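All of the numbers you see were taken from the coordinates with simple rules; none came from a lab. A quick note: this is a predicted structure, and the numbers were derived from the prediction, not measured. Here Cβ is always computed from backbone atoms with ideal geometry, including for glycine, and neighbour counts include all displayed protein chains.
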Amino acid sequence: MERLCAIFILCSLLIAGSYASTTKETLEAEKWFRNLSQRREKVAKLRFYIQDVLGGPNATIWEVARSDITSLSHTTFGQIRVLDDLITAEPDRNSEKLGRAQGLITSADLRESALAMNLNFVFTAGKYNGSTLCILGRNPIDSMNRELPVVGGTGVFRMARGFSISNTYSYDPVENYGVLEYTVYVSYV
């Protein structure tokens, strides 16, 4: 009986301790949320470039899984890749570095080359340093002006929503290197 009582007291203390240990960040988020109804919505248009290193020792995109059909499919259906690409202000890979594009892309169409994308733009410099935008949707990669939804964000971009337009700016098959242009239209509070 004493053992059961001791376990009960220990569990109670652990649960109470987890509720009592509110961090500074949590308090700031609570304050931000309480004032949400008084905030004005802001809008932004961002243009930046993703540096896609598709092969070689410095590749930024790596295959992590494939299905039984992937090698037989003209669309690489079932291939899953992760990426950690550089975001720059201009198409030149040596231009100002703004952050990283990180996420998961899956070849998800049996008929045409299209990706299901979960992509996070992680800003590490400039006006949006420390903030992220999240893109989630279907990307028909052979099309022009590919529209993908902005479904959220962090930091400056809390409560973000909007859309992005992406295009292949350039591709060098010898280097297996691509540059993607993203224009993002986003509202946030």
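At-a-glance table
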quantity	calculated
If the convex hull is drawn through the Cα atoms of region 41-188, its volume per residue in Å³	107 Å³
Acute angle (nearest 10 degrees) that the helix 24-34 long axis makes with the longest principal axis of the chain, alpha-carbon atoms	80 degrees
Exposed-site-free run, longest, the chain (rule: GluC sites (Glu not before Pro); DSSP loop; at most 13 other C-beta within 10 Å)	113-174
Principal-axis tilt of helix 2-20 within the chain, Cα atoms, nearest 10 degrees	60 degrees
Amide hydrogen neighbours beyond the local backbone of residue 86, cut-off 5 Å, H modeled	51, 101
Selection of trypsin sites (Lys or Arg not before Pro), region 33-129, meeting DSSP coil and at most 15 other Cβ within 10 Å	39, 40, 93, 111
Cβ-placed point charges (K, R +1; D, E -1), dipole of the chain about Cα centre in debye, nearest 20	920 debye
Signed unit charges on C-beta, dipole axis of region 43-112, positive-most listed residue 101, 83, 57	101
